[in-house]
């Protein structure tokens, strides 16, 4: 048994770089799990700087000095943050509060519609079954409403955290972009000069993760804006709230679109009933989802990560459970990192062994 374990260790950890890479992965995981909340502004700033690096590089090709390109991009980021926190957030909050306040009315209308089912389809459902379903759903909705109210009251101190983010995030992004070369050189000074495994993993990850993250941000914005404009034109209640929900639903592959469909169609049904307006909403929403899946995704992710759907779902569950929204957002890049490490590690060891 000891000989088998020794052989496995010699095969996969016989090189200095392999041991160092394992320590880096374990150390990074430990730091994020134990200090993720404390380092959240720095991690967020690093992610945003990573997203904006391409825009800075594009501006430098226009013969702008890098410091000027970084300053322009940082000013653009501050403008977008101000619009989001001072315009979009209050409107979203108002619509969410109004939606929670209208839950009793929606529940009453839903109960009236449910009571008609035994009359129309007595062979399928009885009145007692309908009342049991109504009582169960009503209890869950009341619990949900109380939970939302408790959450909103208990998290008023979050406003202080928002102000901290608004101050720290642009500063961190500015310095991450301005001194990116110095930071990379400093980090590289702690690594061995000969590092074929890390170079191979970096080359495999860099283009794919860059394209994926930027493409996903563009997809969220386009799908969210198109959904909001469509819902607004149709006259759907809570158009902005539902548009934001549809936009962020693309973060979770396969699951997000199915989950967000329920509130969109439910609010449309309770607002209009079964009629031309509801059918128009159904058609428009189906067109948005079809264009997203068949046109936008292939266009943005032409170099898509080759992962099995089961691997993607497992990555969403695992990383989302560990790190919440950011874990879900980066589930596919993190799964790609795991795949790159698994693919590159044994190959590099075999190539370096005599």
#### Entry: Subset of the stretch 241-251 (residues that are within 18 Å of residue 290 (Cβ to Cβ) and within 14 Å of the chain's Cα centre (by Cα))
246, 247, 249, 250
### Message
Quick test of your reading of the structure: residue 272 fulfils all but one of (1) more than 25 Å from residue 80 (Cα to Cα); (2) crowded, with 17+ Cβ neighbours inside 10 Å; (3) in contact (Cβ under 8 Å) with a residue 24 or more places away in the chain. Name the failing condition by number.
### Response
(3)
### Query
Condition test on residue 238, is it surrounded by 12 or more Cβ atoms within 10 Å (Cβ to Cβ) and farther than 22 Å from residue 333 by Cα?
yes
### Summary
Of the listed residues (55, 76, 88), the one being more than 17 Å from residue 165 (Cα to Cα) and part of a helix (DSSP H, G or I) is 55
### Message
Can you pull out every residue in the stretch 275-290 that is without any contact (Cβ under 8 Å) to a residue 60 or more places away in the chain and surrounded by 12 or more Cβ atoms within 10 Å (Cβ to Cβ)?
### Response
277, 278, 279, 280, 281, 282, 284, 285, 287, 289
### Query
Can we say residue 68 is assigned to a loop (DSSP other than H, G, I, E, B) and over 23 Å from residue 225 (Cα atoms)?
no
### Task
Restrict the check to the stretch 214-233 and report whether at least one residue is farther than 30 Å from residue 66 by Cα, without any contact (Cβ under 8 Å) to a residue 24 or more places away in the chain, within 15 Å of the chain's Cα centre (by Cα) and exposed (fewer than 13 other Cβ atoms within 10 Å of the Cβ).
no
### Summary
Subset of the stretch 237-248, residues in a helix (DSSP H, G or I) and in contact (Cβ under 8 Å) with a residue 24 or more places away in the chain, comes to 240, 241, 242, 244, 246, 247, 248
### Query
Tell me, which residue of the stretch 253-269 that is out of contact with any helix residue (DSSP H, G or I) (no Cβ under 6 Å at 6 or more places or on another chain) and outside any helix (DSSP H, G or I) is surrounded by the most Cβ atoms within 10 Å (Cβ to Cβ)?
255
### Query
Being touching a helix residue (DSSP H, G or I) at 6+ places or on another chain (Cβ under 8 Å), outside any helix (DSSP H, G or I), touching a residue at least 40 places away in the same chain (Cβ under 8 Å) and within 23 Å of residue 106 (Cα to Cα), is that true of even one residue in the stretch 293-302?
no
### Summary
Every listed condition ((1) touching a helix residue (DSSP H, G or I) at 6+ places or on another chain (Cβ under 6 Å); (2) more than 22 Å from residue 167 (Cβ to Cβ)) holds for residue 48 save (2)
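Read-outs: derived from the displayed coordinates by stated rules, not from any lab. Please read these numbers as outputs of a predicted model, since none were measured by experiment. All Cβ positions, glycine included, derive from the backbone under ideal geometry; neighbour counts span all protein chains shown.
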